[in-house]
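Reviewing the structure listed below.
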Amino acid sequence: MGMKAATVATILMPSGKAHLRMEAMMLILWIACAVVLVWKDQIALLHAGLFAGAYIFSMLLLSPDLDLAKSDAFHRWGILRWLWLPYAWVFRHRQMSHHLLWGPLTRMAYVGLAAVAIGALVRLGWRETTLGSQPPAASILAICLGVYLPNLEHILADRLTTTWRRKRRKHRL
Ligand SMILES: [Zn+2]
């Protein structure tokens with residue numbers, strides 16, 4: 001993992017509010033697509049709802065900028081914001097946290113681990129409620145897509161709005 005300074009990036013990146021505005025606009029587009037797909041019986045209403053819920057959760061609370069302890073997303077966690085201090089400490093700004101695959105995966109794993117740890121601490125009935133019945137694959141897919149898209153949009157916006165590039169280019173788009 002590179003340990004070079006990334007200070008240039010922090011000056012050139014879009015603000016948290018600019019990200020939120022753009023991702024909210026994209027959500028309207030995604031919901032319009034989902035409405036058409038539900039109307040055409042291509043997907044279930046439940047899955048469209050799960051997607052939208054996961055998207056909003058990810059847009060507000062799983063921003064790649066959680067790698068900064070002063071970011072909007074960090075503050076949106078309220079009294080639970082301290083949970084992200086180790087994450088912000090471990091992940092340097094706009095490096096692994098902004099990777100198209102590892103970024104979202106690290107945050108989902110992080111939230112999952114935090115939920116399990118807190119659940120174990122307060123002894124919630126996690127087993128009965130969440131592990132009792134296996135959720136169908138389509139629901140999981142809808143949630144993953146909802147979590148992933150805001151991250152993808154954020155990272156692309158970061159990359160497009162700055163000429164700063166250090167990583168090797170992968171011509172995927
Ligand atoms: Zn960012």
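The values are calculated or read from the model by the stated rules, or taken from the named source; none is laboratory data. The model shown is predicted, which means the values in this text are computed figures rather than measured ones. Here the Cβ positions follow ideal geometry from the backbone for every residue, glycine too, while neighbour counts run over all protein chains shown. We work out accessible area using only protein heavy atoms, side chains counted, and drop any ligands, DNA or RNA first. Shrake-Rupley method; radii C 1.70, N 1.55, O 1.52, S 1.80 Å.
Here are some notes:
- Per residue accessible area of the stretch 12-160, 1.4 Å probe, in Å²: 60 Å²
- Shown for the stretch 12-160: the carbon plus sulfur share of the solvent-accessible area, taken with all protein chains present and a 1.4 angstrom probe, equals 76%.
- For the stretch 80-87, putting each phi into the Karplus relation 6.51 cos²θ - 1.76 cosθ + 1.60 with θ = phi - 60° gives couplings of 8, 4, 4, 4, 8, 4, x, 4 Hz, in residue order, rounded to whole numbers and with x for Gly and Pro.
- Between Trp102 and Leu45, the C-beta separation translates, for a Förster distance of 30 Å, into a calculated FRET efficiency of about 0.40.
- Note on Ser139 and Ala69: the extension gain reaches 22.0 nm, defined as 0.36 nm multiplied by sequence separation minus the Cα-Cα distance.
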